[in-house]
Each structure stands twice: as C-alpha cells, then as structure tokens.
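Q: Just passing along the structure, written as structure tokens.
The values are calculated or read from the model by the stated rules, or taken from the named source; none is laboratory data. Model, not experiment: these values are computed from the prediction. Every residue, glycine among them, receives a Cβ derived from its backbone with ideal geometry; neighbour counts consider all protein chains shown.
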Amino acid sequence: MRKINKIGSLILVLAMILTVLLSGCSQGSKPPANDQAAKPPAEEKIKVAFVYVGPVGDFGYTYAQDQGRKYLEANMKNVETTYLENIPETADAERTFTDLAQKGYNIIIGTSYGYMDYMVNVSKKFPKVVFEHCSGYKTTDNLGTYFNRDYQARYLTGMVAGKYTKTNILGFLAPFGTPEVIRNIDAFTLGAQSVNPKVQVKVVWTNSWNDPATEKTASNSLIDAGADVLAMHVDSPTFAQTAQDRGVLAVGHDSDMSKFAPNSILVGDVSNWGPYFVEVVKEVMNKTWKPIQYFGGIKDGGIIDITPFSAKVDKDFQATVTAKKQDIMAGKFEPFSGPIFDQSGNLKIKDGEKAPDSLLLSIDWFVKGVQGTIPKS
C-alpha cells in the first residue's frame, strides 16, 4: 500500500506542476528580452526630401522654404527630412529627383519654378512617390503645385514704398521674367501708386536668383538712377545692405531682413511654408492627398504676410496699411482689381473686374508705371 501511495503522490505532484505550467502559458508568458520577433513593428517613417535652388543661408527664399522644413520636423512625428541645396534648374535637377525617388523618399518637394518640367518627367516614372512643386503650373497624377499669393503682401509693401519715396522713383531687382516675378513687380507698383500716383518703378534684371555681387551692382545702378526705395525678387539681403550704405530705404522679401539693414528696411513680406508641408504629409499618411494647385493667400493661415513695420513708418500709416490687409483677408479687396492698364496704356482688367487666377499665373505684361522690358525666360 505504501508503494502505491508514493506513486500516487508522485503523480499528483507532477499533475500540479503541469497545471501551473499550462496556466502560465494560457495567460501569455513574457517572452525573453532578446525575442525581437515577438515585439510589435516600429511605425514606419515618412521620408520627405526638399530640393533647393539656392543655399539655406541666403536669408531669403530658400531660407524661408527651409524654415518650413524645420517646422515640419518639429510638428510631425514619424517624419524624416533631408534637403539638397544649390541644385541648378538644369538636367542636374532631373537626376537629383530621380536619385531621391530611387532612394525611397515618399514625398519630394522641388522649390523653384525652373524645376517644373524635370519634376513632371520624374513623377511619371515613379507613380508611387508624391511630388510637390513650388510656383509651377503643371501637374500629373502624383505631382501637385503650391504657392502663396505673395502679390497681396507685395501690394501692401508697395504702399509703404510709395508713401516714403521722395524722388517718386522706386527700384526693383528682378531675376527672371517668369509670371511669378512679373506679378509681384506689378502688385508692388499698384500698391505704391494707390498712395502716390506719381510713382515710377525702374526694373533691373540680375539673371540669377542668388548672386550677391550682381545684386550689389544692380542696387547701386538703381540708386544712381534716382531710386530712393529699393525692392527685389532675388534671394539675399544684399540690396538692403547696399541701400543702407547709400542712405536710401528698402522693403524686404520672403523673410524679415530688418536685422541686416535696420536703418533701411521699412517693412517686408514673409512666407510661412511650414503649415502647408504639415498638411501635405498628413494627407499622404491618411491616403487623401491629391495633386491640386494650391494658391494660398494672407487669410490662409499666414502662408504669406507682412513683417512688423519699422519705427520709420508712422502709426497712422501703419493703420492704413493694416486696414487694407484686413480688406484683403475679408475678400473686400484684391490688388489686381480694375481698371488696370499695361505699360502701353492698353486696358487689361476692366473697371469692376478682378483678375482671375489663370491670368495671374500666366501674366506676361507690366502695368503702367513700370519702366523696363521683360526678357524671355
């Protein structure tokens, strides 16, 4: 009997041990620390590449775009960005876009007008990659465009220039005769003429987005021609520094340039691209992205705005400009509202009419009061 009891006891103990083991397994035992296969996979990052025509340190256009990239990184989790600067608007750009697509970037953003056709070509070869092009007008199934209505801010800064000129001659440094550049020269002129009908705007072409040496020479030539307020559509603050050295005034572009010429800069326009980049990434992640042509204005989250005024701009006139800005935001006023005449006196926009976006995005004529011819771009 003892022998039988001992065997029975042993069986009972083994059964209890087996029950505990089975119970532990049914509740889910913790895997060993080195069991990587059992861990949930890390969320895959969205890879975004930015291609710039100039250096990020130009403190103008490319600088503003790169501030948008940094905003994207700071405000979106699981986003990895990179950038390439000083990529020319040549076949080198197409090779660059191709290389980025082959390296697995989910979104590729080209920030210069001259990239347009190269991006169209590459987008067709990589249909799963999302492409965004700044300032262009061509789209494909996976290529959209974006830009801001900087001409609205240009009109406002033109008002300031028109108010504070004593010679009634404003100088404008321009790179190329693209619709974007022409549109901004025209808007600046219209704004200046709204407060000073005698204003003339002299244009000098630099044939480069970013060439400080040429910009300095061009600035001096405009000042020598009588301009006492300078504006530009190039990328560096050289024009404002030259203006300050020569004792004349200036208005900035793309970023707040007042720190480079505090005695010269009256006001400027500033671009804020970050919120748009965030929205694009969100749409790609949610699979709702579509190749639209985005054209945002002052009322659209500050994608374009004006900088704080210099102390040289009196408070009453600051209020006048701010009121016009509010009218733009409320849809009560648009800079390209008729009647508007071209240089030759031809009526281009009738009284009571507003220029449609199709005209603004393809404009190839100067308004009355601009002195200069438009080169072939």
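Q: How many residues are aliphatic (A, V, I, L, M) and at positive phi when one looks only at region 321-344?
A: 0
Q: Moving on to the next point. For region 85-112, name all the residues that are over 15 Å from VAL129 (Cβ atoms) and either modelled with pLDDT under 95 or among the basic types (Lys, Arg) (or both).
A: Taking region 85-112 first, the residues over 15 Å from VAL129 (Cβ atoms) are 85-93, 95, 111-112.
Within region 85-112, ARG95 is the sole residue that qualifies.
Q: Among what's in region 224-245 and is touching a strand residue (DSSP E or B) at 6+ places or on another chain (Cβ under 7 Å) and assigned to a helix (DSSP H, G or I), pick the residue that is farthest from SER271 (Cα to Cα).
A: In this case the residue turns out to be ALA243.
Q: Filter region 289-312 for residues that are among the hydroxyl-bearing types (Ser, Thr, Tyr) and part of a loop (DSSP other than H, G, I, E, B) and give the result. Don't jump to the end; show me each part of the working.
A: Keep residues of region 289-312 that are among the hydroxyl-bearing types (Ser, Thr, Tyr), which gives 294, 307, 310.
Correct list: THR307, SER310.
Q: Which of the residues belonging to region 113-139 are assigned to a loop (DSSP other than H, G, I, E, B) and of a type in the set (A, V, I, L, M, F, W, C)?
A: Of everything in region 113-139, those that are assigned to a loop (DSSP other than H, G, I, E, B) and of a type in the set (A, V, I, L, M, F, W, C) turn out to be PHE126, VAL129.
Q: Any residue at all in region 118-133 that's within 30 Å of ALA49 (Cα to Cα), polar (S, T, N, Q) and crowded, with 24+ Cβ neighbours inside 10 Å?
A: Checked against the condition, which is being within 30 Å of ALA49 (Cα to Cα), polar (S, T, N, Q) and crowded, with 24+ Cβ neighbours inside 10 Å, region 118-133 yields at least one hit.
Q: Restricting to region 331-343, give me the number of residues that are assigned to a loop (DSSP other than H, G, I, E, B), hydrophobic (A, V, I, L, M, F, W, C) and in contact (Cβ under 8 Å) with a residue 12 or more places away in the chain.
A: Of the residues in that region, 1 qualify.
Q: Report, by residue number, each residue of region 301-318 that is without any contact (Cβ under 8 Å) to a residue 12 or more places away in the chain and surrounded by 14 or more Cβ atoms within 10 Å (Cβ to Cβ). Don't jump to the end; show me each part of the working.
A: Here is the first cut: in region 301-318, the residues without any contact (Cβ under 8 Å) to a residue 12 or more places away in the chain are 311, 314-316, 318.
Within region 301-318, GLN318 is the sole residue that qualifies.
Q: Which residue pairs have Cβ atoms closer than 7 Å, lie 6 or more positions apart in sequence or on different chains, and pair a first residue in region 129-153 that is farther than 16 Å from MET285 by Cα and among the polar types (S, T, N, Q) with a second residue that is modelled with pLDDT under 95 and in a loop (DSSP other than H, G, I, E, B)?
A: Pairs found: THR145/GLY136; THR145/TYR137.
Q: Another question, then. Tell me, which residue of region 48-104 that is surrounded by 20 or more Cβ atoms within 10 Å (Cβ to Cβ) and acidic (Asp, Glu) is nearest to the chain's Cα centre (by Cα)?
A: Ranking the candidates gives ASP66 first.
Q: For GLY24, are the conditions met, namely being at pLDDT 95 or above and either assigned to a helix (DSSP H, G or I) or assigned by TED's automatic domain parsing to the domain that holds PRO212 (or both)?
A: So GLY24 does not fit the description; no.
Q: Only residues that are among the charged types (D, E, K, R) and exposed (fewer than 11 other Cβ atoms within 10 Å of the Cβ): list them for region 358-377, please.
A: Passing the criteria: only LYS376.
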